[in-house]
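The values are calculated or read from the model by the stated rules, or taken from the named source; none is laboratory data. Remember, it's a predicted structure, so these values are computed and weren't measured experimentally. Please note: Cβ atoms are built from the backbone with ideal geometry, for glycine as well, and neighbour counts cover all protein chains shown. Ligands, DNA and RNA are stripped out before the accessible areas are found, and what is left, the full protein with its side chains, is counted by its heavy atoms. Shrake-Rupley method; radii C 1.70, N 1.55, O 1.52, S 1.80 Å.
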Amino acid sequence: MDEQLVDKQSEKKALRTTLRADRRAVYGEDPGRRSREAEAILAHAAGIVADIEELAARREEAGDPAPRVAAFHPTPTEADVMPLASALAARGAELVFPAAAGAELEWIRWDGVSAFADSPGRGFGKEPAGERLGSDALSEAVLVLAPALSVDRSGTRIGHGAGFYDRALTTLPSEARVVVVIHPHELLAAGTLPREEHDVPIREVLTADGFVSLVTSDPA
């Protein structure tokens, strides 16, 4: 294996350990903070919600399927995207959530109201009990709300290490949006994170402090 690649993988492993410890320290001891920040995330995503609502109305009028949006059910210390997911479902989006399925993510439809159950996959959040759509469901998605441990302002994302999202995001249509939802302190300075060839560049980040386009790096 290439020595430089080994160095990057070792650096990522160490970063994941540090980032997870930071999350536990900040959010594990104050679960109320995460709940409060979930409402801020929803408020900062007003533009996203409005865009999806408008698209859903146009598609309904044309007799086309509802716009598909992929979200994730957060683990206890991840940024809570569920109020946003609920708002998108209420405004006409078709929500899908990831499920453990071997080396690839499988996607399950959520009706916007039904309860979630524990996932059998290690490190996964909860899963809905809806229809399973297979591993290529993102080929019809217009928006992905993706998890991460951190993103830097040059668009490098570091996930949990299994590569699930890097592989899944390659199946998206070219016009689909990917918005990574993380805690404010997990958006780092440009060039902070090591990037490998398989890492999918990120252009948009949403935190409780605001929406950030990494094209301009301006919070909104």
>> I need the full set of residues from segment 100-123 which are of a type outside the set (Asp, Glu) and either crowded, with 20+ Cβ neighbours inside 10 Å or in contact with a Lys or Arg (Cβ under 7 Å, 6 or more places away or on another chain) (or both), in order please.
In response: 105, 107, 108, 110, 116, 117, 119
>> Here's a check for you: in segment 156-166, which residue that is hydrophobic (A, V, I, L, M, F, W, C) and crowded, with 16+ Cβ neighbours inside 10 Å is farthest from residue 100 (Cα to Cα)?
In response: 158
> When you go through 153, 177 one by one, which is the residue that is modelled with pLDDT of 95 or more, farther than 20 Å from residue 74 by Cβ and open to solvent by 20 Å² or more (accessible area, probe 1.4 Å)?
Replying inline: 153
> Taking only pairs six or more apart or across chains, which ones have beta-carbon atoms under 8 Å, a first residue in segment 18-41 that is more than 27 Å from residue 88 (Cβ to Cβ) and touching a residue at least 60 places away in the same chain (Cβ under 8 Å), and a second residue that is open to solvent by 70 Å² or more (accessible area, probe 1.4 Å) and not small (Gly, Ala, Ser)?
Replying inline: 22/185
> Going through segment 91-112 one residue at a time, which ones are of a type in the set (Asp, Glu), within 22 Å of residue 45 (Cβ to Cβ) and in a strand (DSSP E or B)?
Replying inline: 94
> Any residue in segment 115-138 that is under 22 Å from residue 47 (Cα atoms) and in a strand (DSSP E or B)?
Replying inline: no
> Condition test on residue 63, is it over 23 Å from residue 152 (Cα atoms), out of contact with any Lys or Arg (no Cβ under 8 Å at 6 or more places or on another chain), without any contact (Cβ under 8 Å) to a residue 60 or more places away in the chain and open to solvent by less than 30 Å² (accessible area, probe 1.4 Å)?
Replying inline: no
> From 88, 169, 95, 145, which residue is touching a Leu at 6+ places or on another chain (Cβ under 8 Å), open to solvent by less than 20 Å² (accessible area, probe 1.4 Å) and touching a residue at least 60 places away in the same chain (Cβ under 8 Å)?
Replying inline: 145
